[in-house]
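A short worksheet on the structure shown next.
What follows draws every value from the coordinates through simple rules; no lab data is involved. Since the model is a prediction, treat every value here as computed from it, not as a measurement. Note that each Cβ is placed from the backbone with ideal geometry, even for glycine, and that neighbours are counted across all protein chains shown.
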Amino acid sequence: MKEATKGAAKENGSLKDHLCRLRHLLVILLTGTIIVWCLGCLGCSRDQNQDSYLIRINSITLSLSEFNQAVEAASEEAFPGERNLSEEVMNDLRLRVLNQLGEEMMIKAFAADQGISVADEELDKAVAEIKADYPDDTFEETLLENAVSFQYWKKKMATRLLVKKVIERELVDKVQITTDDVATYYKKHYPEGISPDEDADEINRRIVRHLRQQKAEMAYKEWIDLLRQNYPLDINKKIWGRLTGDPA
């Protein structure tokens, strides 16, 4: 069982990476120090039409201020407490965040076309479960201390729930686990069989969950590449160039 656990821990496909990044972002919003980078927005009023978005897919848009807040959160995660990062490092970070948020927006656009959504009751339940870990009113106080509004945090939580729902429906639930898959896993991780004191049914359930997740992760790259073709990302080159110091 220990070998199986270790084997499962080593699996780190792109699907798990994406969900983990989104989870880390939410954790940072709760506990990290977030400074909203507003300098890039000072000129928005001068050219509102061209500067109204940084990236968009169909009717889904992301503003420069929202993008910068995500970059600050990612920076705090990758380089905690460091405020003197080189422009090269920052641009690399911006590009990675751009790709991550672009994937999220593609999934949101796909969800809209497929009629997949997160009900208010689902969101309220998830929020209540997290707030339950904080005594009294300390949850919202924690957000305020880190310059994060509750509505912004709640919006990120809704995105996380939507992405999870889409991935489960389109990838995880469609995975087929065969008896050969299970037999191969047992042969690799339990060459001498399981001990009499272990729960065989529980082990089987764990193996099936692990194999289902593993296959979903393997299918994620091909699936997201298909979404990229159907939902191309529109980047505002003027703002992006001004942000990265590489004007078009």
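Computed quantities for the displayed model
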{"item": "Chain lengthening between K238 and Y134 when straightened (0.36 nm per residue, less Cα-Cα)", "result": "33.2 nm"}
{"item": "For segment 66-120, Kirkwood radius (reciprocal of mean inverse C-alpha pair distance, Å)", "result": "12.8"}
{"item": "For M106, M218, M157, order by how many other beta-carbon atoms lie within 10 Å, fewest first", "result": "M218, M157, M106"}
{"item": "Overall dimensions of segment 165-248 as given by Cα atoms, namely Rg and Dmax in Å", "result": "21.3, 67"}
{"item": "Sorted by Cβ neighbour density within 10 Å, fewest at the top, the residues T61, T159", "result": "T61, T159"}
{"item": "Residues Y186, Y231, sorted so that the one with the fewest Cβ neighbours within 10 Å comes first", "result": "Y186, Y231"}
{"item": "Counting all C-alpha pairs of segment 49-90, share separated by more than 17 Å (%)", "result": "43"}
{"item": "Distance violations [Cα-Cα > 25 Å] among K156/K221; K125/K156; K125/K221; K108/K174; K155/K238", "result": "K125/K221; K155/K238"}
{"item": "nm² value of the averaged projected area, convex hull over the Cα atoms of segment 145-203", "result": "7.8"}
{"item": "Pair S65, S52: separation of 7 Å Cα→Cβ label points (nm)", "result": "1.6"}
